[in-house]
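S.K.: Could you have a look at this structure, given as structure tokens, before my questions?
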Amino acid sequence: MAAATLRRLPALGGRALGAGGRQGTGRPGSWLHSVAGGPGHTPRLEDWQRCGAVCLQRAATLSREKNPMESAFAQLLEQVELEKSLYSDHELQVFEDEEKIRWRQAEDYDSEEEEDVGQDIVTAQDLEDMWEQKLRQFRAADREQEADKKDDRSTLNRRLDEKLTLLVKEKVGDEEIWLLPQSEWKPGETMRQTAERTLSALSGRNELQAAFLGNAPAGFYKYKYPKAMRTSDTLGAKVFFFKALLVNGDLKARRKGDYVWVTKSELKDYLKPKYLRQVNRFIFDTAAMYP
């Protein structure tokens, strides 16, 4: 059946089938011209501006607090490990020191039999007491930072147990909207190079150092420009998103208020619904799964 079907198809640039199945003597490519609408027919293709965008994220610097189920499971694992584990070297030393103390307190104790008579002996229990004192002096840093209390989203020093994503405010027509940083593609660039250039232009003098994750885009979004911005050649933009992880630095070149570092749950406070749906497809955060 497949072979018969292929025999019925005309060869491009060869003799085309005419009406009623007869072979015509059309010029090479006449069948293609007929499909396209004939010679001189030029289909109108809307021109979309291509852009490369970067989804820059700061990784969590603290582990997330356990929920009740995770805490109970962790305690269970610790109990099982304790019951099945062997004694450590330190614990064996504790038993050995206890045995020495009992031997010294015995009636038949002879100090001449010991090799370390007159030396200061630090037992394993002495070490434990010293470690316990140091532990009492230790004060862990607060998980909640000053920026969390003030809800200052322009700093990286917030929400340390969650990923943060960079958003910038851009003017599109007469409206200012929040977007992932993006730039127009230039001939000769790959889309990843456009995204890298976007980050360099955003941070000024290499204030941000980031590692890009692969050469393929993580997401795509297409939108139309406001009618006042449309031209006969440009209807809107096609945006290709590339993910990157912040390695070092902070954003200081832009004016405060023109950028924010937000969690995934905070994206809805800034991004438009359609844009947000596309961005949520490639931004993952386990913290958002366990409120």
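The values are calculated or read from the model by the stated rules, or taken from the named source; none is laboratory data. Everything numeric here is computed off the predicted structure, so don't read it as measured data. Note: ideal-geometry Cβ built from the backbone for every residue, glycine included; neighbour counts use all protein chains shown. Areas reflect the complete protein model, heavy atoms only, side chains present, ligands, DNA and RNA absent. Shrake-Rupley method; radii C 1.70, N 1.55, O 1.52, S 1.80 Å.
S.K.: Could you list, in their original order, any pairs among Lys224/Lys264; Lys238/Lys274; Lys171/Lys256 whose Cα atoms are separated by more than 21 Å? Display every interim value, and only then the final one.
M.R.: Details: Lys224/Lys264 25 Å; Lys238/Lys274 14 Å; Lys171/Lys256 16 Å.
Listed pairs above 21 Å: Lys224/Lys264.
S.K.: Quick one: length gained pulling Arg50 to Asp161 fully straight, 0.36 nm per residue minus the C-alpha distance?
M.R.: Values: separation 111, 0.36 × 111 = 39.96 nm, distance 3.52 nm.
Between Arg50 and Asp161, full extension yields 36.4 nm more.
S.K.: Please pull out the direction-averaged projected area of region 122-185, using the convex hull of its alpha-carbon atoms, in nm² to one decimal place. Display every interim value, and only then the final one.
M.R.: Details: hull surface 34.9 nm².
Average of the hull's projected areas for region 122-185 equals 8.7 nm².
S.K.: So for region 136-291, Kirkwood radius off the Cα pairs, Stokes-Einstein at 37 °C and 0.692 mPa s: how many µm² s⁻¹?
M.R.: On the way: Rh = 17.4 Å.
In µm²/s, the coefficient rounds to 189.
S.K.: Please give, to one decimal in nm, the separation of the simple spin-label points placed at Lys222 and Lys100, each 7 Å out from Cα toward the Cβ.
M.R.: 8.0 nm
S.K.: Let me ask something else. Compute the signed sum of charges (Lys and Arg +1, Asp and Glu -1) over the other residues within less than 12 Å, Cβ to Cβ, of Ala72. Show your work: numbers first, answer last.
M.R.: Working: positive: Lys66; negative: Glu70, Glu78.
Around Ala72, the surrounding residues sum to -1.
S.K.: Something else: With a 1.4 Å probe and all protein chains left in place, how much accessible area per residue does region 144-210 have, in Å²? Display every interim value, and only then the final one.
M.R.: Working: 3640 Å² over 67 residues.
It amounts to 54 Å² per residue over region 144-210.
S.K.: Could you give the nm distance between label points at Glu176 and Asp129, where each point is 7 Å from its Cα heading toward the beta carbon?
M.R.: The modelled label-to-label distance comes out at 6.5 nm.
S.K.: Could you compute the net charge surrounding Arg197? Neighbours are other residues with a C-beta less than 9 Å from the C-beta of Arg197; K and R count +1, D and E count -1.
M.R.: Working: positive: Lys186; negative: Glu189, Glu196.
Charge balance in the 9 Å sphere: -1.
S.K.: Please compare each pair in Lys163/Lys222; Lys134/Lys163; Lys227/Lys272 to a cut-off of 23 Å on the Cα-Cα distance and tell me which ones are over it.
M.R.: Values: Lys163/Lys222 26 Å; Lys134/Lys163 33 Å; Lys227/Lys272 18 Å.
Where the Cα-Cα span goes over 23 Å, the pairs concerned are Lys163/Lys222; Lys134/Lys163.
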